[in-house]
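Enquirer: Following this message is one structure expressed as structure tokens.
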Amino acid sequence: MGHDEKLIKDLEAKTDVVRRNCLTIFDSTQMGHAGGTMSLIELVTALYFHHLKLDPNNCDWPERDRVVLSKAHCCEAIYAVLVEIGWLPKDKLNTYYRYGSPFQGHADRWATPGLDYSGGSLGQGLSFANGLALAEKMHMQRKAPTETITRFMPRYISKFNPTYRTYCILGDGECHEGQVWEAAMFANKYRLDNLIAIVDYNKYSLEGPTNEIMPIEPFVDKWKSFGWWVAEVDGHDLRQVLDSLDLAAHLYGDGKPKCIIAHTVKGYGVSFWEEAHTHIGRGEEITRGVEEARKRYGYS
Amino acid sequence: MGTLNKHVKIGEPLATADALGRGMIKAAEKNQNIIAVLEDMGFPGLPWFAKNAPDRVIECGIAEANAAAMAAGLAAEGFIPVINSFVFACICRAYNQIRQSILVDRFNVKFIGREGAWGEPGISHNHVEGIGATRVMPNLLIVNPADAVESEKAVQAIMDYIGPVFLRVEASPPPLQIFTPDYPFDIGKAYTVKEGKDATIIATGYMLTEAIRASDLLEKEKIDVRIINMSTIKPLDDEAVIKASEETGAIVTAENASIIGGLGEAVAACLCENAPAPLVRVGVEDEFSQSGRIMKDVDELKTHFAFGAEDLAAAVRECLARRERLHKRMRR
């Protein structure tokens, strides 16, 4: 483990770029899921700019790692990243929420190249990710191992890398949904070690503190008792995020689905949104936040 | 019996379960991507799967929401997951999962859902809202076969079709054997079982059996009824409905389902917009079903809901009377 300092510096610079893109989105419509989007930025930056297996020139590469954004209202964060990769037109970021735009209000697979899941109705993403991960296993099972592996490295047969990994980004409030736990049982039953769930644990849902609305704690123990491998990290510390992702990917072959619980701050990076625990901002709530961020991230 | 179409040969009643299993096995043999997704409710042709393709059986347990969204994920990677259960579980329990995870992206997931007014299990399982609940959903086909031959053909046809389908399997008494093995089943096409000029019964699923019996009764009264098998409820074969309206001028629909949102309503909309004619809808009125037995001389639920052959015959007479009144008013 341990990552090159230069990589961390580069990724930190990227998070600023991604945040600026998010601000363009919010600014264009005076609306957006500012809180949950800003808490995700380090996670998606670490994923898309370093960790994921992807081809910047081909978003439809069949072996590309899959990302299921279960908390699909925060698709702004993904949009902000995909325009940097080049799969989406950056100059159209300001068409968010508009008719015919590739930047739909909630993630829409048909409208946006590079998305793996159309979401918006919470709690279903992990089940969908189960399907993707199981399909990978089933395809793998059908494909005979190469001759080299069978002859010289038989012990690697169950150990080599999957064709693709499936990542699922969940919200903490979303884990109130019973379906998340149905999916957690399923992933354990089918030993989906190619599935990595990342919970953006920003402690707030729309109405207020997640654990007051319906306590989800002890959260780590819940996942563990469902048979998952669990890591707990600071979701804004790129070093920890990268380490946990590497470890989760490296443990492929142990037969356990992986869950990274990322402790984050809702609205991270903009003190006005952090204090207001903004879920979806409109009008002045957005403009004041954008105004503050304008200075900090050099957004004009 | 009047002139029957050439693919029709009426035989003794025969349950459809075996034929459905046979069709499922044929489809699964042909297409290796078909995956049986179980919800602890069995599966057509399961012994074959267990013996020949155990890796193509995914058991989700009693967790229908997860099963539906998980199936969408399998379909996204090229598999054809088939979910089998009661309609109230696999469709209605997972209603939003079907909408959001499957239909929005038009993923190739098939549902084999069992429902109908008949049966001993009672109010929970004798479910009649399935057609109404699903007809409103974009991108979803609804197919409801009428007898064993059609069931076997339909289950294979929906596997060849690319897109989500709800195959409705009915809880009902065994239907008559109606179609010959060379019957050409086509998704989206109605089939005229018997020509007729006085009125038309448009039936779906088991009710085609009752429609054929009703037509026999009416023949004795010199009423010549056309019978249409509407096995695809969505998309509806509008042409067949319009033609029947123009040529016979009186329509009766028959379904083992709620008439609210069901086949009757679909036909009514088509008639009103294209070729208005008097219409009587036979099916379950706005109510739930309950436990009931089928005994030698009495079928409790058929009597309760009044949708047997005699009731259908009465509906045809009522429809003809309405047409008569309408014509009188127009002549005045």
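Enquirer: Kindly establish whether residue B:154 is assigned to a helix (DSSP H, G or I) and either closer than 19 Å to residue B:206 by Cα or not assigned by TED's automatic domain parsing to the domain that holds residue B:99 (or both). Full working, then the answer.
Expert: Numbers: assigned to a helix (DSSP H, G or I): yes; either closer than 19 Å to residue B:206 by Cα or not assigned by TED's automatic domain parsing to the domain that holds residue B:99 (or both): yes.
Answer is yes for this residue.
Enquirer: For a quick check of your reading: which helices (runs of 4 or more DSSP H) sit entirely within region B:1-105 and have at least 2 residues that are within 13 Å of chain A (Cβ to nearest Cβ) and over 30 Å from residue B:176 (Cα atoms)?
Expert: Details: elements: B:17-30, B:46-52, B:64-76.
In region B:1-105, the matching helices (runs of 4 or more DSSP H) lie at B:64-76.
Enquirer: Being surrounded by fewer than 22 Cβ atoms within 10 Å (Cβ to Cβ) and in contact with a helix residue (DSSP H, G or I) (Cβ under 8 Å, 6 or more places away or on another chain) is the filter here, so list the residues in region B:133-152 that pass it.
Expert: B:133, B:135, B:137, B:138, B:139, B:140, B:141 - these are the residues of region B:133-152 that are surrounded by fewer than 22 Cβ atoms within 10 Å (Cβ to Cβ) and in contact with a helix residue (DSSP H, G or I) (Cβ under 8 Å, 6 or more places away or on another chain).
Enquirer: Next question. Could you grab me the full set of residues in region A:185-203 that are in contact (Cβ under 8 Å) with a residue 40 or more places away in the chain, within 9 Å of another protein chain (Cβ to nearest Cβ) and in a helix (DSSP H, G or I)?
Expert: Taking region A:185-203 and keeping what is in contact (Cβ under 8 Å) with a residue 40 or more places away in the chain, we get A:185-188, A:190-203.
Pick out the ones that are also within 9 Å of another protein chain (Cβ to nearest Cβ) and you get A:185-186, A:190.
Matches in region A:185-203: A:185, A:186.
Enquirer: Turning to a different aspect of this structure: Working only within region A:89-113, note down all residues that are more than 14 Å from chain B (Cβ to nearest Cβ), closer than 18 Å to residue A:33 by Cβ and in a loop (DSSP other than H, G, I, E, B).
Expert: Answer for region A:89-113, where residues must be more than 14 Å from chain B (Cβ to nearest Cβ), closer than 18 Å to residue A:33 by Cβ and in a loop (DSSP other than H, G, I, E, B): A:96, A:97, A:98, A:101, A:102, A:103.
Enquirer: Show me the helices (runs of 4 or more DSSP H) found entirely inside region B:204-310 where at least 3 residues are in contact with a Ser or Thr (Cβ under 6 Å, 6 or more places away or on another chain). Walk me through it before giving the result.
Expert: Working: elements: B:207-219, B:238-248, B:263-274, B:300-305.
In region B:204-310, B:263-274 are the helices (runs of 4 or more DSSP H) which contain 3 or more residues that are in contact with a Ser or Thr (Cβ under 6 Å, 6 or more places away or on another chain).
Enquirer: I've got another one for you. If you take the residues in region A:114-144 that are aliphatic (A, V, I, L, M) and not in a loop (DSSP other than H, G, I, E, B), which one is farthest from the other protein chains (Cβ to nearest Cβ)?
Expert: Going through region A:114-144, the residues aliphatic (A, V, I, L, M) turn out to be A:115, A:122, A:126, A:129, A:132-135, A:138, A:140, A:144.
Filter once more, keeping what is not in a loop (DSSP other than H, G, I, E, B): A:126, A:129, A:132-135, A:138, A:140.
Numbers: A:126: 8, A:129: 6, A:132: 4, A:133: 8, A:134: 6, A:135: 3, A:138: 7, A:140: 11 Å.
Ranking the qualifying residues of region A:114-144, first place goes to A:140.
Enquirer: Need pairs with beta-carbon distance below 7 Å; first residue buried (at least 17 other Cβ atoms within 10 Å of the Cβ) and within region B:19-32, second among the basic types (Lys, Arg); sequence gap 6+ or separate chains.
Expert: Note: pairs meeting the criteria are B:23/B:153.
Enquirer: Go over the candidates B:65, B:71 one by one and state the one that is assigned by TED's automatic domain parsing to the domain that holds residue B:124 and in contact with an Asp or Glu (Cβ under 9 Å, 6 or more places away or on another chain). Give the derivation first.
Expert: On the way: B:71 fails: in contact with an Asp or Glu (Cβ under 9 Å, 6 or more places away or on another chain).
Testing whether each residue is assigned by TED's automatic domain parsing to the domain that holds residue B:124 and in contact with an Asp or Glu (Cβ under 9 Å, 6 or more places away or on another chain) leaves just B:65.
Enquirer: Working only within region B:193-207, note down all residues that are out of contact with any helix residue (DSSP H, G or I) (no Cβ under 7 Å at 6 or more places or on another chain) and either polar (S, T, N, Q) or surrounded by fewer than 24 Cβ atoms within 10 Å (Cβ to Cβ) (or both).
Expert: The one that is out of contact with any helix residue (DSSP H, G or I) (no Cβ under 7 Å at 6 or more places or on another chain) and either polar (S, T, N, Q) or surrounded by fewer than 24 Cβ atoms within 10 Å (Cβ to Cβ) (or both): B:195.
Enquirer: If you don't mind, there's one more thing I want to ask. Would you confirm, using the coordinates I've provided, whether residue B:241 is more than 22 Å from residue B:113 (Cα to Cα) and modelled with pLDDT under 90? Steps first, please.
Expert: Numbers: more than 22 Å from residue B:113 (Cα to Cα): yes; modelled with pLDDT under 90: no.
Judged against the criteria, residue B:241 is not a match.
Enquirer: Residue under question is residue A:115, and the condition is that it be modelled with pLDDT under 95, buried (at least 24 other Cβ atoms within 10 Å of the Cβ) and not basic (Lys, Arg); does it hold?
Expert: Details: modelled with pLDDT under 95: yes; buried (at least 24 other Cβ atoms within 10 Å of the Cβ): yes; not basic (Lys, Arg): yes.
Taking the combined requirement at face value, the residue satisfies it.
Enquirer: Further question: I need a count of the residues in region B:297-319 that are of a type in the set (A, V, I, L, M) and surrounded by fewer than 20 Cβ atoms within 10 Å (Cβ to Cβ). Write out each step before concluding.
Expert: Quick first cut of region B:297-319, residues of a type in the set (A, V, I, L, M) only: B:298, B:301, B:306, B:309, B:312-316.
Filter again for surrounded by fewer than 20 Cβ atoms within 10 Å (Cβ to Cβ), leaving B:298, B:306, B:314.
Result for region B:297-319: 3.
The values are calculated or read from the model by the stated rules, or taken from the named source; none is laboratory data. What you see is a predicted model, and the numbers here were worked out from it, not measured in a lab. A quick note on method: Cβ atoms are made from the backbone with ideal geometry, for glycine too, and the neighbour counts reach across all protein chains shown.
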